[in-house]
1. For the stretch 229-257, give me each residue that is within 17 Å of SER55 (Cα to Cα) and of a type in the set (A, V, I, L, M).
2. Determine which member of the set GLY74, GLY22, GLY34 is assigned to a helix (DSSP H, G or I), surrounded by 15 or more Cβ atoms within 10 Å (Cβ to Cβ) and at negative phi.
3. For ALA321, state whether it is outside any helix (DSSP H, G or I) and in contact (Cβ under 8 Å) with a residue 60 or more places away in the chain.
4. So if I check each of TYR377, TYR369, TYR326, which one is without any contact (Cβ under 8 Å) to a residue 40 or more places away in the chain and among the aromatic types (Phe, Trp, Tyr)?
5. Before we move on, is VAL302 touching a helix residue (DSSP H, G or I) at 6+ places or on another chain (Cβ under 9 Å) and buried (at least 21 other Cβ atoms within 10 Å of the Cβ)?
6. Determine whether ALA335 is surrounded by 15 or more Cβ atoms within 10 Å (Cβ to Cβ) and not in a helix (DSSP H, G or I).
7. Residues being part of a helix (DSSP H, G or I) and either farther than 23 Å from LEU300 by Cβ or among the aliphatic types (A, V, I, L, M) (or both): count how many of those fall in the stretch 123-149.
8. Hey, HIS352 hits all of (1) in contact with a helix residue (DSSP H, G or I) (Cβ under 9 Å, 6 or more places away or on another chain); (2) surrounded by fewer than 23 Cβ atoms within 10 Å (Cβ to Cβ); (3) part of a helix (DSSP H, G or I) but one; which does it fall short on?
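The values are calculated or read from the model by the stated rules, or taken from the named source; none is laboratory data. The model shown is predicted, which means the values in this text are computed figures rather than measured ones. Note that each Cβ is placed from the backbone with ideal geometry, even for glycine, and that neighbours are counted across all protein chains shown.
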Amino acid sequence: MSGMQESSRLRTWATPLAFIAGISAILLAIFPTGFPNYDTIYYLLWGREIFEGMSPDYGAPLAPTPHPLYDLLGAILAPLGDGAITVAVVLAYVSLGLLAWLVYRLGSAWFDRPIGWVAAFLTMTSAPVLSNGLRAYIDIPYMVLCLAALLIETRRSRAGWPVLMLLGLAGLLRPEAWLFAGFYFLYLALEPTPPKDGSRIPGLKLRGDGIDRNLVLMAILAVAGPVIWVMFDLITTGNALYSFTGTRETVDTLERDTGPVDVILFGPRRLGEVLQWPGMVGAFAGIVLCLGTMRKRVTLGVTAAVLALIAFALMGASGLAIIPRYTMLAASILAIFAAASVLGWRLLPERHRWRRPWQVLAVLVVLLYLVWLPNQYDLLSKVERDLSNQSLVERDLEALVDDGAFRAPSDLDPEGTSVKDCLPISVPNHRAVPRLAFWLDIRPSDVVSVAAADEQPQSGFFLAPARDFTVENFILDPGEPGRAATELPPGFSLVAENRSWKLYTSCLAG
């Protein structure tokens with residue numbers, strides 16, 4: 001009996017593991033040049049500083065918002081040294097595989113397997129999802145945690161603590177999960193009452209069991225995300241609101257769209273950049289048709305999509321950036337309804353009055369996707385091209401480090417001086433800051449982006465682009481101050497160069 005149970009358990013896990021491994025392998029074959037982005041390198045760097053008993057160095061300009069869960073991950077991976085970057089890349093590919101699996105499972109649970117397959121395909125061919133995922137942004141793991149919680153609730157209504165635990169972890173990556181956890185707690189704690197006389201609106205009351213140990217546990221899990229985040233900021237910076245205020249300052253510096261008006265003006269456009277317009281049309285049509293014909297089946301999915309969009313709008317209205325990757329959670333849920341707009345008619349009885357109109361609409365949505373296909377191919381090609389170009393520039397920068405270029409030659413020491421004896425390192429823009437700090441085991445504030453510095457350092461090392469290709473593919477953000485500065489101060493000598501970079505120093509010793 002025990003052997004049969006183990007065999008059944010193995011089969012249960014084998015299918016998702018094979019699916020996830022397969023998707024990850026396909027992505028690795030098509031896009032083999034994934035790498036950790038600017039933010040993730042910072043999290044690994046800060047995690048290493050925490051592991052070494054230091055406070056994270058948040059002093060560098062345009063440092064990203066700290067995220068407690070990824071800083072903790074950086075601390076766990078710190079003993080691996082540079083291997084932490086490899087692990088971050090592996091996690092990026094696996095997270096995309098998990099995302100595909102969860103979208104497929106949700107589509108299968110709400111509708112059927114063919115709709116789940118189409119939804120997963122639409123999600124995994126979204127250029128922003130691939131671009132951000134293959135750069136190891138935290139948004140994909142965040143989406144995985146949220147969608148895993150949604151799948152648990154789909155399988156077992158009012159599942160309780162497993163859902164809140166996953167949302168609590170998600171809330172250590174992005175604050176939108178705090179809203180989801182709070183809403184879900186109220187859903188667990190309250191129950192509807194019949195409308196009072198003369199009213200059609202039902203009331204709410206505390207659930208029948210009242211305030212018991214289980215409800216208290218649910219409340220603790222619901223507030224765990226924001227409480228831990230605030231405590232983390234307070235301990236590491238002395239400012240409980242550091243993440244919020246620091247993020248708003250970065251948004252202002254990069255001149256990104258933000259605020260209530262911009263949410264209305266640019267929010268739909270940012271969502272459209274992820275779903276693309278055929279997906280937008282398909283998702284809207286799918287929701288309308290599903291609510292009209294199978295409301296009970298889709299209530300949870302529609303509610304989740306609405307909450308995700310509300311969370312995005314609230315974050316944008318409060319002063320945070322309105323950018324495409326913040327809409328990707330909502331887009332992944334809406335992709336299921338876009339798939340339903342094409343195949344959902346199959347779930348209606350043969351003589352249902354909406355079956356034929358749904359089929360006609362499905363043909364129109366498919367035609368939209370076919371017309372859009374050349375644009376989609378261009379978008380995916382740009383993802384591959386950008387990844388390859390940026391990866392090349394970053395490999396060349398790492399090669400300078402590996403070749404010992406940051407140890408200036410000295411007659412007194414044949415092996416050269418330590419980089420720590422020749423600081424700061426001046427770099428053309430912010431993107432190089434965390435990478436050099438991580439590879440050279442120095443603090444981010446020891447690397448100065450001269451593109452935005454009040455005064456350019458006149459000593460130390462000076463890193464300059466060797467060609468226009470480097471400048472074009474090593475910009476942190478279109479709104480980055482100064483873009484790329486390359487003016488060499490007097491008294492510096494060239495010590496190393498390759499196809500992407502030239503390195504100068506003023507620390508030559510005779």
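1. VAL230, MET231, LEU234, ILE235, ALA240, LEU241
2. None of the others qualify; the one that does is GLY74.
3. yes
4. Result: TYR377 is the single residue among TYR377, TYR369, TYR326 that is without any contact (Cβ under 8 Å) to a residue 40 or more places away in the chain and among the aromatic types (Phe, Trp, Tyr).
5. When the stated conditions are applied, VAL302 does not pass them.
6. no
7. 16
8. (3)
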